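Novice: Please see the structure below; I have some questions.
The values are calculated or read from the model by the stated rules, or taken from the named source; none is laboratory data. What you see is a predicted model; the values in this text were computed from it and never measured. A quick note on method: Cβ atoms are made from the backbone with ideal geometry, for glycine too, and the neighbour counts reach across all protein chains shown.
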Amino acid sequence: MAIKAKHQRLVLLAVAMVVLIGAAILAIWALRNQASYFYVPREIVASPPEASRAVRLGGMVEQGSIRTLPDGVSIAFVVEDKEARVPVTFRGIVPSLFVEGSGVVAEGHMGSDGTFVADNLLAKHDENYVPREMKDMTGEELQQAMAKGK
Amino acid sequence: MHGFANPARFLRIARWLMPLCLGVGIVIALAALVWGLFLAPAERLQGETVRIVYLHVPAAWLGMAGWSGIAIASFTELVWRHPLAGIAARACAVPGAVFTAVCLVTGSLWGRPAWGTWWVWDGRLTSMLVLLFLYFGWMALSQASEASDGAGTRAPAIFGLVGAVNIPIIHYSVIWWNSQHQPPSITTGGSAMSGAFLWPLLIAMSGFTLIFAGVVLARMRAILAHQQAEARLRRKALAQAG
């Protein structure tokens, strides 16, 4: 019986070690992927990061800038802040909250021609929930309609 | 309050209150889900995915309410040594953890189409995940304390109180670290949510809350019955030994 208990402890310890090392490897791997830096348009224009580096670009989507490229699945748009504007291309399905005039975080890298090539887009929701039928209303009309609905 | 200290009296009330809460809760929650999933409008930007909110928000509320229940019961346990307090805390843990998990899963499913990601380490998401782990830890501790011959309801009670720190953190996370999750739509000052979404949501929340209460009462009855059965077995064993 004594041998069995010893074996049990050994197995337990071995499993614990494997789990611990596995967790450490995962953490290091995640940190390497996370080594992705955040830029606003002003910074990316002032000192563009090298093309090989994964960076995040955060800003507002410029009004009227979203257009579909000829291949039909890529889009081009402009991310701006008060001081600078950066053209961005993205291939894939855009999040439903990605609209002009609202905030976006693009993950990707700088292309050779000064265009930011995004691999992923993150959009953000605000606290407002508005039915689809009201989407064409202006801000003022919306507020009146919302006040009535309450 | 100590009027309910007598478990027999509590059981008399729970016997009819539990099926009432469960029955009414299921009817209300189902009605609200039908309203929300089929009749309520699509949202301007989110489209049809907005319908997840009718499950997500009630689950989030009950995940937090569950731990608030544990904290209040723990306080009652530590201060007044109320005999039902420890049982109430144990009864809150499993449904609280389940609703927290539902909240995380539905949020993730919504996040992919709406935000463009399943998960981000945003303050709200992270603090909610911490809540789920707190539930797991609490359940393990409570089970371990119980295994040590019922001597320790004190350790889980202290954990329950300390863990309650996370509840205001979850609530204010979207205001303190406004990164990915949107700020609250429903506040005491009013609602940034159109009535077309707000009403089915409020009704869903009340329905699921009644279901939660019914489950807690049912679990309290089950734990009490289990304790009575154990006590009876112990008495029998003693009688035979004597």
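Novice: May I ask you to say which residue of B:Ala164, B:Ala140, B:Ala147 is surrounded by fewer than 21 Cβ atoms within 10 Å (Cβ to Cβ) and within 14 Å of B:Gly66 (Cβ to Cβ)?
Specialist: B:Ala164
Novice: Scanning for something loosely packed, with under 12 Cβ neighbours inside 10 Å, among the small types (Gly, Ala, Ser) and at pLDDT 90 or above, does segment B:218-227 turn up at least one residue?
Specialist: Checked segment B:218-227: at least one residue is loosely packed, with under 12 Cβ neighbours inside 10 Å, among the small types (Gly, Ala, Ser) and at pLDDT 90 or above.
Novice: Related question: Does at least one position in segment A:59-80 carry a residue that is loosely packed, with under 14 Cβ neighbours inside 10 Å and either under 18 Å from B:Gln180 (Cβ atoms) or in contact (Cβ under 8 Å) with a residue 24 or more places away in the chain (or both)?
Specialist: Within segment A:59-80, one or more residues are loosely packed, with under 14 Cβ neighbours inside 10 Å and either under 18 Å from B:Gln180 (Cβ atoms) or in contact (Cβ under 8 Å) with a residue 24 or more places away in the chain (or both).
Novice: Related question: Of all residues in segment B:1-55, which are among the β-branched types (Val, Ile, Thr) and either surrounded by 14 or more Cβ atoms within 10 Å (Cβ to Cβ) or touching a Pro at 6+ places or on another chain (Cβ under 8 Å) (or both)?
Specialist: B:Val24, B:Ile26, B:Ile28, B:Thr49, B:Val50, B:Ile52, B:Val53
Novice: Kindly list the number of the only condition in (1) more than 14 Å from every other protein chain (Cβ to nearest Cβ); (2) over 30 Å from B:Thr49 (Cα atoms) that fails for A:Ala27.
Specialist: Checking A:Ala27 against (1) more than 14 Å from every other protein chain (Cβ to nearest Cβ); (2) over 30 Å from B:Thr49 (Cα atoms), the one that fails is (1).
Novice: Out of all the residues in segment B:113-120, is one or more surrounded by 20 or more Cβ atoms within 10 Å (Cβ to Cβ), more than 12 Å from the chain's Cα centre (by Cα), within 14 Å of another protein chain (Cβ to nearest Cβ) and without any contact (Cβ under 8 Å) to a residue 40 or more places away in the chain?
Specialist: yes
Novice: If you scan segment B:176-195, which residues turn out to be within 7 Å of chain A (Cβ to nearest Cβ) and buried (at least 19 other Cβ atoms within 10 Å of the Cβ)?
Specialist: B:Gln180, B:Ser185, B:Ser191, B:Met193, B:Ser194
To keep it simple, each residue is scored yes or no on (1) more than 22 Å from B:Asp122 (Cβ to Cβ); (2) in contact with a Lys or Arg (Cβ under 6 Å, 6 or more places away or on another chain).
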residue	(1), (2)
A:Ser74	yes, yes
A:Val94	no, no
A:Val99	no, no
A:Ala106	no, no
A:Ser112	yes, no
A:Leu121	no, no
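Novice: Going by what's in this entry, would B:Ile87 be described as buried (at least 18 other Cβ atoms within 10 Å of the Cβ) and more than 23 Å from B:Ser173 (Cβ to Cβ)?
Specialist: Answer is yes for this residue.
Novice: Output the residues belonging to segment A:91-150 that are at pLDDT below 65, part of a loop (DSSP other than H, G, I, E, B) and more than 9 Å from chain B (Cβ to nearest Cβ).
Specialist: A:Asp136, A:Met137, A:Thr138
Novice: Further question: Conditions: (1) more than 9 Å from chain A (Cβ to nearest Cβ); (2) in contact (Cβ under 8 Å) with a residue 12 or more places away in the chain. B:Leu198 meets all but one. Number of the miss?
Specialist: Failed condition: (1).
Novice: On to the next question. Checking A:Gly59 against (1) modelled with pLDDT of 90 or more; (2) of a type outside the set (D, E, K, R); (3) over 22 Å from B:Gly47 (Cβ atoms), only one condition comes out false. Which one?
Specialist: (1)
Novice: Tell me, yes or no, whether segment B:144-155 has at least one residue that is in contact with a Gly (Cβ under 6 Å, 6 or more places away or on another chain), more than 14 Å from chain A (Cβ to nearest Cβ) and free of Cβ contacts under 8 Å to residues at least 12 places away in the same chain.
Specialist: Scanning segment B:144-155, I find at least one residue that is in contact with a Gly (Cβ under 6 Å, 6 or more places away or on another chain), more than 14 Å from chain A (Cβ to nearest Cβ) and free of Cβ contacts under 8 Å to residues at least 12 places away in the same chain, so the answer is yes.
Novice: Another question about this same structure. Among the residues of segment B:39-51, are any in contact with a Ser or Thr (Cβ under 7 Å, 6 or more places away or on another chain) and part of a helix (DSSP H, G or I)?
Specialist: The answer is yes; a qualifying residue exists.
Novice: Do we find a residue being farther than 30 Å from A:Val99 by Cα and not basic (Lys, Arg) anywhere in segment B:121-131?
Specialist: Among the residues of segment B:121-131, at least one is farther than 30 Å from A:Val99 by Cα and not basic (Lys, Arg), which makes the answer yes.
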